[in-house]
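> Handing you this structure, nothing more for now.
A short reminder: the numbers here are calculations on the coordinates, not readings from a lab. Everything quoted here is computed from the prediction, not taken from an experiment. Quick reminder, even Gly has a Cβ in these numbers, built from the backbone with ideal geometry, and neighbours come from all protein chains shown.
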Amino acid sequence: MEPSLHAVWNHSIDVWLDDSFETASQGTRMLAGIQHLHNNVIPEGLAWAVETFEEVTFRRAAEGLRYFGFRDLDPFFTDLLVNRDDLEYLNSREDEYFELFPEDAVLERAILARLSEFPDEFDDGEP
């Protein structure tokens with residue numbers, strides 16, 4: 001049976017929290033990369049995320065977005081990281097982040113499309 005969006009979504013969060021990112025299936029890893037960054041930007045803010053996370057977090061989020069067919073945010077993230085000590089600058093870019101990042105419904109449709117086309121690239125944490 002193919003994993004459901006709900007199961008894959010929840011498992012990808014666990015993948016990051018359980019530090020099993022490297023051993024997860026490709027689609028699950030890509031989703032985990034997106035979720036880890038975005039789920040922290042929403043409540044804490046972009047400046048907090050840039051000050052807190054290492055570069056790899058942003059690279060994984062960008063890679064995940066490309067995997068699901070969205071624009072490459074690597075240049076945007078690189079600019080943020082280069083300016084990570086300028087709090088005013090980081091705060092000035094937060095609206096742009098939310099404009100560039102896909103809305104939830106759009107992201108869900110992209111995940112569902114990839115999940116139905118390549119179900120073997122995802123897992124739901126069940127044996």
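> Looking at the range 74-127, what % of the alpha carbon pairs are farther apart than 18 Å?
Of all Cα-Cα distances in the range 74-127, 55 percent exceed 18 Å.
> Taking Cα atoms, how many degrees apart are the long axis of helix 26-44 and the longest axis of the chain, rounded to 10 and kept between 0 and 90?
40 degrees
> Show me, for the range 67-80, the HN-Hα J-couplings you get by feeding each phi into the Karplus relation (A = 6.51, B = -1.76, C = 1.60, θ = phi - 60°), rounded to Hz, glycine and proline as x.
So the J values, rounded to whole Hz, are 4, 8, x, 9, 4, 7, 9, 3, x, 5, 5, 4, 4, 4.
> If each residue's Cβ is checked for other Cβ atoms within 10 Å, how do Glu96, Glu121 rank with the fewest at the top?
Glu96, Glu121
> Which residue fluctuates the most in the chain, going by a Gaussian network model with Cα springs under 10 Å, if the choices are Thr78, Thr23, Thr57?
Most flexible of the set in this elastic network: Thr23.
> Here's another thing I want to ask about it. Report the calculated FRET efficiency for Val106 and Val56 (r = Cβ-Cβ distance, R0 = 30 Å), to the nearest 0.05.
Efficiency at R0 = 30 Å is approximately 0.75.
> While we're looking at this one, here's another question. If one takes the longest principal axis of the Cα atoms in the chain, at what angle in degrees, from 0 to 90 and to the nearest 10, does the Cα axis of helix 104-117 lie?
For helix 104-117, the angle is close to 40 degrees.
> Report, largest value first, the span of the C-alpha coordinates of the chain along each principal axis, in whole Å.
Taking max minus min along each principal axis of the Cα atoms, the chain gives 49, 27, 22 Å.
> D for the range 16-77, whole µm²/s, Stokes-Einstein with Kirkwood Rh over alpha-carbon pairs at 20 °C and 1.002 mPa s: what number?
The diffusion coefficient I find is 182 µm²/s.
> Further, regarding this structure: For Ser25, list long-range residues whose amide hydrogen, built 1.01 Å from N in the peptide plane, is under 5 Å from its own amide hydrogen.
Asp123
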